[in-house]
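Have a look at the structure below before the remarks.
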Amino acid sequence: MTYIETANWLKERLPQQPEIAIILGTGLSDLAEEFEILKTIPYRDIPGFVQSTAPSHKGNLILANISGKAVLLMQGRFHFYEGYAMSKVVFPTRVMAALGIKSLIVTNAAGSLRTELPPGSVVRITDHINFMGINPLVGENLEALGERFPSMNELYDPEYGQICDEIAQQNKIETFTGIYLAVSGPSLETKAECAAFALWGADLVGMSTVPEVVIARHAGIKVLAYSIVTNYSNLFHSLAHSQEEIRHHAGVASQQLKQVLTGFIAQLA
Ligand code: HPA
């Protein structure tokens, strides 16, 4: 099943053709149910999709009405650490491109490498470091989507970022900006790794987002991305954080993020 075939399969089933998509990461999946849902399709029913096995990931593709626009929501994503080939991890993003998605909003839960970014912080990603050990574009170039050597300059759209920062300010929501470093996981980082990442300029560490964002840029989709800080990284304490802790912090911050994203979508052309 190619991404084009999957896109055509979806076009026959979606009541409207969306131009905006959101990937809801760890602890954020429940947000989908707070919008007016127009259609829900479980990943297991979608040809070419694999199943999400990560904790608190639900595994549905949802078409929702947000601020009067049809928005495609991924309720849960596929991670490289689950054992899927990178081509499977980014398959839904390529399907989005074939569906005509123009703007992609990516969210995740991340560990903090800065004391100034405590758990619960909402951080707009301004750039990334790919330390996953693999680039999702390795392999034959899909010319129909984009060029062989796509630029990664201003990958996280500065104009989108400015719009969102203004919305946050108007609504008195404190948000931060930061650089996201992606590891493959699933083991968490060592202290030495965290110290190195912080020296490189990274503010956040996580196990997702970079694959989807690189594929989106290749296909000419504009990107906005947010992390919710669920824990301090191993730089500051040696305690492993629990899944409950992650979900708690993601829950509080996700309401703030929801407000910003709803405002942003309202302003999108
Ligand atoms: N490290 C990597 N990924 C994460 C973390 C972390 O500390 N927290 C949430 N996702």
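Looking only at residues in segment 217-230 that are more than 11 Å from the chain's Cα centre (by Cα) and away from the ligand (no atom under 15 Å from the Cβ), the one that is surrounded by the fewest Cβ atoms within 10 Å (Cβ to Cβ) is Gly220. The single condition from (1) in contact with a helix residue (DSSP H, G or I) (Cβ under 8 Å, 6 or more places away or on another chain); (2) within 14 Å of the ligand (Cβ to nearest atom) that Ala253 fails is (1).
Test of understanding: among Val214, Val210, which residue is hydrophobic (A, V, I, L, M, F, W, C) and within 28 Å of Gly251 (Cβ to Cβ)?
The unique qualifying residue is Val210.
Residues of segment 68-98 that are more than 14 Å from the chain's Cα centre (by Cα), open to solvent by less than 10 Å² (accessible area, probe 1.4 Å) and under 18 Å from Ile4 (Cβ atoms): Val95 alone.
Beta carbons closer than 7 Å, at least 6 apart along the sequence or on distinct chains, pair a first residue in segment 215-238 that is under 18 Å from Lys102 (Cα atoms) with a second that is within 14 Å of the ligand (Cβ to nearest atom) and among the polar types (S, T, N, Q) for Ala225/Thr209; Tyr226/Thr107.
Look at segment 132-147: where a residue is more than 23 Å from Leu188 (Cβ to Cβ) and a partner is assigned to a loop (DSSP other than H, G, I, E, B), sitting 6+ places away or on another chain with Cβ atoms under 6 Å, you get Asn141/Arg148; Leu145/Ala219; Gly146/Ala219.
One residue stands out among those in segment 170-203 that are touching a strand residue (DSSP E or B) at 6+ places or on another chain (Cβ under 8 Å) and either free of Cβ contacts under 8 Å to residues at least 40 places away in the same chain or closer than 25 Å to Phe91 by Cα (or both): the one that is farthest from the ligand (Cβ to nearest atom), which is Ile179.
The values are calculated or read from the model by the stated rules, or taken from the named source; none is laboratory data. Since this is a predicted model, take the numbers as computed values, not measurements. All Cβ positions, glycine included, derive from the backbone under ideal geometry; neighbour counts span all protein chains shown. What goes into the accessible areas is simple: the full protein's heavy atoms, side chains included, and nothing from ligands, DNA or RNA. Shrake-Rupley method; radii C 1.70, N 1.55, O 1.52, S 1.80 Å.
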